[in-house]
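Remarks on the structure that follows.
The values are calculated or read from the model by the stated rules, or taken from the named source; none is laboratory data. Please read all numbers here as calculations on a predicted model, not as lab measurements. As a convention, Cβ positions derive from the backbone with ideal geometry for all residues, glycine included, and neighbour counts pool all protein chains shown.
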Amino acid sequence: MANMDKLAVLVNTFGSSLISVGREEGLTLALNKSEVSQGVKVSNICAGSIIGIVGSGGQGTAIIMSSDEGFNAIVTAMSGGAIAPNIEDSVAMSVLGELSNMVSGRALIQAAIPGVDVTPPQLLSGTNIQNVPNQAPGIKCFTLPFSLQPSGILYLVLSFSVG
């Protein structure tokens with residue numbers, strides 16, 4: 001990313017895109033503003049979906065990570081209850097990948113940054129998954145924690161090159 005203004009636009013549009021896409025899919029999400037932080041601060045994660053952001057307009061990653069309860073809420077809401085939320089089921093995991101596709105696509109359209117594309121999502125599942133931030137100069141990471149209703153937590157972890 002060329003500068004800090006572009007970085008602020010990306011962080012804000014990814015956060016608002018997650019809320020609006022979630023609402024359209026039947027999820028009630030609330031940003032825990034007091035817990036937004038620079039760096040990576042996640043805990044109790046069982047599933048994640050990583051999208052790469054590539055091109056001449058910028059580079060980075062957007063990762064949606066969820067607790068077990070959050071994963072259950074996402075799969076249930078987005079499938080209308082037709083898919084059982086099981087992190088060992090590739091179809092259930094693909095729902096999380098589709099959410100990250102939808103959020104990334106909307107955010108990049110709203111940010112209006114030319115020359116940027118996204119990679120297909122990479123899906124992760126397991127017990128207490130951790131994200132180790134890139135320590136290279138010029139890489140900025142942010143964690144946006146969201147509460148899901150009726151229960152669960154979802155993290156949006158963004159990492160962009162600002163140099």
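Descriptive notes on the structure:
- Only residues that are of a type in the set (Val, Ile, Thr) and modelled with pLDDT of 85 or more were counted in segment 115-126, giving 2.
- Of all residues in segment 41-55, those being among the small types (Gly, Ala, Ser), modelled with pLDDT of 90 or more and more than 21 Å from Ile139 (Cβ to Cβ) number 1.
- Applying the set (1) within 22 Å of Gln122 (Cβ to Cβ); (2) touching a Phe, Trp or Tyr at 6+ places or on another chain (Cβ under 7 Å) to Thr61 leaves exactly one unmet item: (2).
- Residues in segment 75-107 that are among the aliphatic types (A, V, I, L, M), more than 18 Å from Ile53 (Cβ to Cβ) and surrounded by 14 or more Cβ atoms within 10 Å (Cβ to Cβ): Val75, Ala77, Met78, Ile83, Ile87, Ala92, Met93, Val95.
- Restricting segment 1-54 to residues that are in a helix (DSSP H, G or I), over 12 Å from the mean Cα position of the chain (by Cα) and among the polar types (S, T, N, Q), the residue that is surrounded by the fewest Cβ atoms within 10 Å (Cβ to Cβ): Ser34
- Filtered residues of segment 61-92 (kept if touching a strand residue (DSSP E or B) at 6+ places or on another chain (Cβ under 7 Å) and either at positive phi or of a type in the set (Val, Ile, Thr) (or both)): Thr61, Ile63, Ile64, Ile74, Ile87
- Out of Ala92, Ala107, Ala136, Ala112, sole residue that is of a type outside the set (Phe, Trp, Tyr), modelled with pLDDT under 95 and in contact with a helix residue (DSSP H, G or I) (Cβ under 7 Å, 6 or more places away or on another chain): Ala107
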